[in-house]
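Q: Before I ask anything, let me first share the structure, which is written out below as structure tokens.
The values are calculated or read from the model by the stated rules, or taken from the named source; none is laboratory data. In this text the structure is predicted, and so the values were computed from the model without any measurement. Please note: Cβ atoms are built from the backbone with ideal geometry, for glycine as well, and neighbour counts cover all protein chains shown. SASA here: full protein model, heavy atoms, side chains in, ligands and nucleic acids out. Shrake-Rupley method; radii C 1.70, N 1.55, O 1.52, S 1.80 Å.
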Amino acid sequence: MKRFMHVQIRKIEIDKWCEGCRIQSDPGRPYVIDWIRKNAHWFRSAWETSQCRSCRHWINCGHQALQNCVNFSPDK
């Protein structure tokens with residue numbers, strides 16, 4: 001669960017930054033709340049089936065929740 005929360009927060013930060021660039025302003029807390037409402041479900045599903053959850057590099061790129069990754073390296 002700790003990994004998931006970390007990567008979900010990272011994903012939200014990245015998406016928020018991209019939106020801020022698009023609108024040339026900080027979208028603020030309302031954007032985060034809206035992101036959670038609209039995207040949390042699909043992101044959790046993607047994470048649950050991704051290689052990232054068992055990869056030693058999860059902290060760097062886990063927010064992508066990739067199903068197949070050329071850089072996959074088992075955590076153990």
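Q: Considering only protein heavy atoms and a 1.4 Å probe, what is the carbon-and-sulfur percentage of the accessible area of the chain? Before the final figure, lay out each step's value.
A: Details: 3010 of 5490 Å².
C and S fraction of accessible area: 55 percent.
Q: Identify all aspartates and glutamates with a Cα-Cα distance to Lys2 below 17 Å; exclude those on the same chain that are fewer than 8 residues away in sequence.
A: Here the aspartates and glutamates satisfying the reach criterion relative to Lys2 are Glu13, Glu48, Asp75.
Q: Against the longest alpha carbon principal axis of the chain, how many degrees, from 0 to 90 and to the nearest 10, is the axis of helix 28-48 turned?
A: 20
Q: May I pose another question? On a straight-distance basis, which lysines could pair with Lys16 in a cross-link, Cα separation under 20 angstrom, same-chain partners fewer than 8 positions away excluded?
A: Lys38
Q: If you don't mind, there's one more thing I want to ask. Using Cα centres only, tell me the gap between the stretch 43-66 and the stretch 1-42 in whole Å.
A: Spelled out, the Cα-based centre of one part sits 16 Å from the other.
Q: Tell me, what ³J(HN,Hα) does each residue in the stretch 21-27 have, in order and in whole Hz, if you take phi through Karplus 6.51 cos²θ - 1.76 cosθ + 1.60 with θ = phi - 60° and put x for Gly and Pro?
A: My calculation for the stretch 21-27 gives 5, 5, 9, 6, 6, 6, x Hz in order.
Q: Expressed in nm to one decimal, what extension gain is obtained for the pair Ile59 and Ile23 from 0.36 nm per residue of sequence separation less their Cα-Cα distance? Please report the intermediate quantities before stating the final value.
A: Details: separation 36, 0.36 × 36 = 12.96 nm, distance 2.83 nm.
Extra length from Ile59 to Ile23 when fully extended: 10.1 nm.
Q: Compute the Rg/Rh shape ratio of the chain: radius of gyration over Kirkwood radius, all on alpha-carbon atoms. Let's see the in-between values first.
A: Details: Rg = 13.4 Å, Rh = 13.0 Å.
Reported Rg/Rh, Kirkwood definition of Rh: 1.03.
Q: Separation between the Glu48 and Tyr31 pseudo-spin-labels, each 7 Å from Cα along Cα→Cβ, expressed in nm?
A: That separation, rounded to one decimal, is 2.9 nm.
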